[in-house]
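Shown next, in structure tokens, is the structure this report addresses.
The values are calculated or read from the model by the stated rules, or taken from the named source; none is laboratory data. Keep in mind that what you see is a predicted model, and the values were worked out from it rather than measured. Note: ideal-geometry Cβ built from the backbone for every residue, glycine included; neighbour counts use all protein chains shown. Remember, those area values only see protein heavy atoms, side chains included, never the ligands or the DNA or RNA. Shrake-Rupley method; radii C 1.70, N 1.55, O 1.52, S 1.80 Å.
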Amino acid sequence: MLRALAVDDEEPALEELLYLLGGDPRIGTVLPAPDATEALRLLERAREAGPDGAEAVDVVFLDINMPGLSGLDLADLLGGFAAPPLIVFVTAHEDFALRAFDLKAVDYLLKPLRKERFAEAVRRVAELTRAVQGPANAFGDQVPVELGGVTRFVPIADITYVEAQGDYARLHTPHGSHLVRIPLSALEEQWRSRGFVRIHRSRLVALGRIEELRLDGGNLTVRVGDRILAVSRRNARELRDLLARQAQGAVGRPR
């Protein structure tokens, strides 16, 4: 059950948000806020309660044009939280869509709200929340993937690297690739213990699958099978350190 915060400075619009959220079975608790400043106060209190506290908020349904602190301003501030809630913008204006998605909004709903479209936004939030909480580990050493209406189970040990594609991740194996609705950030956290490391903001790679590390003109790349993958400067040092420790461990093991 999701805990939602609804934010709108216009009372009829806020009441409509509360009505729609209250009628969705995926929503547990709904908190109202008449402006972004009050919403920030509620969210700060939730953050102080800790990730397991009863005050935790999963998603904010947020108007944009509000006096004082705008919805975009609030979303920007929430981006600095260690574990920010998901954001769904609810507005009468189309002009802010690009800025909204730059702020990693899950959805952008236009007023007047349509019940079916609103339910789709809640579905997206529910799926992303489940993904972050651990669906990639739900089947132990395998990941369920859909292919032509059939669910297959891909062993994590077969995955060589992973690429982000929006809210999805593409899992690459020696036999093909599979698209799953799991954020790359969730996989990074869950699969770190399985030897996966981020080499780029949009890519994870299995350390044990790296066959070659190459530095060319200041640019670092790795070879995984027949693919050459770029390593960002930000991630290069961590990758080198991990590979060095892996090599030392291999040398130190008895034969």
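The residues of the chain expose on average 56 square angstrom of accessible surface per residue, using a 1.4 Å probe on protein heavy atoms. Can you work out ³J(HN,Hα) from phi for every residue in the stretch 109-119, in order, using Karplus 6.51 cos²θ - 1.76 cosθ + 1.60 and θ = phi - 60°, giving whole Hz and x for Gly and Pro? Result, rounded to whole Hz: 9, 9, 7, x, 6, 9, 4, 5, 5, 5, 4. Using the rule -39500 (n - 2.57) for each DSSP H run of four or more residues, divided by the residues of the chain, the 222 nm mean residue ellipticity is -10500 deg cm²/dmol. For the options A230, A121, A39, a Gaussian network treatment of the chain with springs between C-alpha atoms closer than 10 Å singles out A230 as fluctuating the most. Estimated at the nearest 10 Å², the accessible area of H93 is 80 Å² with a 1.4 Å probe.
Projecting the Cα positions of A33, V59, F81 onto the charge dipole of the chain (unit charges on Cβ atoms of Lys, Arg, Asp and Glu, taken about the Cα centre) puts F81 furthest along the positive direction. Put simply, the amide H of I27, placed in the peptide plane, has neighbours under 5 Å in L2, leaving out anything fewer than 5 places away on its chain.
This model, with +1 at the C-beta of Lys and Arg and -1 at the C-beta of Asp and Glu, gives the stretch 1-103 a dipole about its Cα centre of some 440 debye. Once you sort the root eigenvalues of the Cα gyration tensor of the stretch 1-47 as a ≥ b ≥ c, which label holds: rounded (a/c under 1.5), prolate (a/b larger than b/c) or oblate (the other case)? It is oblate, given that a/c is not under 1.5 and a/b is not larger than b/c.
Only Cα pairs within less than 10 Å get springs; with that Gaussian network setup on the chain, which residue of L128, L98, L14 has the largest fluctuation? Highest fluctuation among the options: L98. Rounded to 0.05, the FRET efficiency of the L207 and H93 pair, given R0 = 51 Å and the Cβ-Cβ distance, is 0.65. Between amide H atoms placed 1.01 Å from N, distances below 5 Å from H200 occur with S232, all of them 5 or more places distant or on a separate chain. Mean sequence separation of contacting Cα pairs (under 8 Å, at least six apart), scaled by the length of the chain, corresponds to a relative contact order of 10 percent. As a calculated quantity, the FRET efficiency between S193 and A119 at R0 = 45 Å, using C-beta atoms, amounts to about 0.80.
Around the amide H of L86, modelled in the peptide plane, lie the amide H atoms of V59, V60, all under 5 Å away and 5 or more residues distant in sequence or on another chain. For semi-axes √(5λ) of the Cα gyration tensor in Å, the value calculated from this model appears in (i) 40, 20, 17; (ii) 64, 20, 16; (iii) 33, 24, 15 under label (i).
Compared with the dominant Cα axis of the chain, that is its longest principal axis, helix 11-22 is turned about 50°. Summing Cβ point charges (Lys, Arg +1; Asp, Glu -1) relative to the Cα centre of the chain gives a dipole of roughly 1800 debye.
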